[in-house]
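The values are calculated or read from the model by the stated rules, or taken from the named source; none is laboratory data. None of the values given here were measured: they were computed from a predicted structure. Quick reminder, even Gly has a Cβ in these numbers, built from the backbone with ideal geometry, and neighbours come from all protein chains shown. With ligands, DNA and RNA removed, areas are computed over all heavy atoms of the protein, side chains included. Shrake-Rupley method; radii C 1.70, N 1.55, O 1.52, S 1.80 Å.
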Amino acid sequence: MTFDGSRYVSNAVKALPPSGIRKFFDLAAQMENVISLGVGEPDFITPWHIIESSFYSAERGHTSYTSNLGLLELRQAISDYLEAKHGVGYDPTNEVLVTTGVSEALDVAIRTLVSPGDEVIVIEPCYVSYKACVLLAGGTPVIVDTHVDNGFRVTAEDIASRLSDRTKAIVLSYPNNPTGAVMDCATLQRIAELAKERDLIVISDEIYSELTYEGTHTCIAALPGMRERTVLLNGFSKAYAMTGWRIGYACGNKHIIGGMMKIHQYTMLCAPIIAQKAAIEALRYGEEAKQRMVAEYDQRRRFIVERLNAIGLTCFEPTGAFYAFPSIAASGMTSEEFCNELLREQSVAVVPGNAFGACGEGFVRCSYAASLQEISEAVTRMERFLADHAR
Ligand SMILES: Cc1ncc(COP(=O)(O)O)c(C=O)c1O
């Protein structure tokens with residue numbers, strides 16, 4: 001008899017839908033000459049001084065475990081950065097946890113806060129992990145849709161209408177993946193008031209905060225009364241082109257961070273020391289390289305939005321992250337049909353909007369973390385695709 005491993009997989013894991021993004025990458029990876037606007041990852045290599053300082057520290061023998069919380073020097077640098085940038089500081093001894101990417105910080109935050117039956121507000125379209133992490137923690141994700149007519153910004157009223165006695169937390173994520181929407185300060189203030197009124201925790205994934213092209217990013221933890229009830233997540237993957245180093249962090253109330261630390265110490269032990277050393281260098285000396293990358297993204301952003309609109313894929317103006325989220329209404333196709341056919345016929349990979357939640361249907365995510373030349377060629381191919389399918 002053949003061994004059927006699937007019988008041993010837990011029901012919770014079996015019930016998890018596979019990521020709609022992954023499915024697409026796997027398809028694209030099997031094809032040749034594909035231009036990919038699919039990946040949510042910088043096309044830059046980590047700035048050389050960051051790589052060098054990390055390798056140099058390894059050469060000097062820094063190859064050990066670190067404190068479970070992460071190197072104190074890094075926690076201090078994170079606190080200093082947040083204080084200088086957003087006016088909200090944290091005690092590095094017990095309010096900052098260094099993690100293996102925001103991915104781990106998110107999972108650990110949700111597992112720390114959520115008991116079976118608790119509800120968590122998830123605002124869609126959004127990064128694919130939020131719902132999955134809530135489900136794995138035994139919680140219930142309660143979805144709040146956002147729409148293009150409101151710039152994909154959630155309002156306090158939208159959230160209030162979905163609260164119940166079991167709501168424990170709200171996951172916020174601005175600048176947003178996949179829409180590129182940012183949040184204005186006034187709306188954030190109203191959401192903060194609601195969180196205080198209804199005694200909710202805000203898990204704020206601000207991984208794209210440095211990629212804000214117009215105005216300034218408001219960190220919700222810096223609003224009055226929000227420092228204690230926000231678990232602030234951020235990291236190095238996007239702003240410093242450091243996805244492969246796997247470094248992120250969580251800041252918040254010492255009891256919540258202490259709870260997160262417990263899970264982290266049993267499951268991860270600590271983030272890799274060479275990556276922590278790299279993160280220290282990034283915070284101390286990475287500003288110039290970061291600004292150069294941000295300026296490039298901004299140039300590409302303007303270019304892709306103008307071109308998409310010109311070919312009839314109406315695109316709301318994203319002012320954060322590195323994604324454009326055009327409507328594909330002109331094609332008459334569903335998001336999945338559009339992406340499958342575009343890949344098959346024109347070898348261009350973009351991601352169906354519904355991979356980020358049902359309300360993303362009718363849109364596709366185009367990452368502009370690609371060269372101008374690639375973006376230009378991809379949009380030209382999309383134009384050809386639309387012409388071939390003119391109704
Ligand atoms: C909104 C958002 N949060 C978190 C992550 C994961 O980041 P990290 O590389 O720090 O795990 C991503 C990656 O695409 C993301 O888009």
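Restricting attention to region 144-163, and to residues there that are more than 17 Å from V202 (Cβ to Cβ) and away from the ligand (no atom under 16 Å from the Cβ), which single residue is most open to solvent (accessible area, probe 1.4 Å)?
The residue in question is D149.
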Single match in A390, A355, A330, A369 (criterion: in contact (Cβ under 8 Å) with a residue 40 or more places away in the chain and not in a helix (DSSP H, G or I))
A369
Check on P141, within 15 Å of the ligand (Cβ to nearest atom) and touching a helix residue (DSSP H, G or I) at 6+ places or on another chain (Cβ under 9 Å)
no
Got a sec? Which of A221, A192, A289 is in contact with a strand residue (DSSP E or B) (Cβ under 9 Å, 6 or more places away or on another chain) and farther than 15 Å from H86 by Cα?
A192
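I'm trying to understand the selection: among the residues of region 64-80, which are among the hydroxyl-bearing types (S, T, Y) and open to solvent by 40 Å² or more (accessible area, probe 1.4 Å)?
Those that are among the hydroxyl-bearing types (S, T, Y) and open to solvent by 40 Å² or more (accessible area, probe 1.4 Å): S64, Y65, S67.
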Do you know which of the residues in region 82-128 that are among the hydroxyl-bearing types (S, T, Y) and touching a strand residue (DSSP E or B) at 6+ places or on another chain (Cβ under 9 Å) is farthest from the ligand (Cβ to nearest atom)?
S115
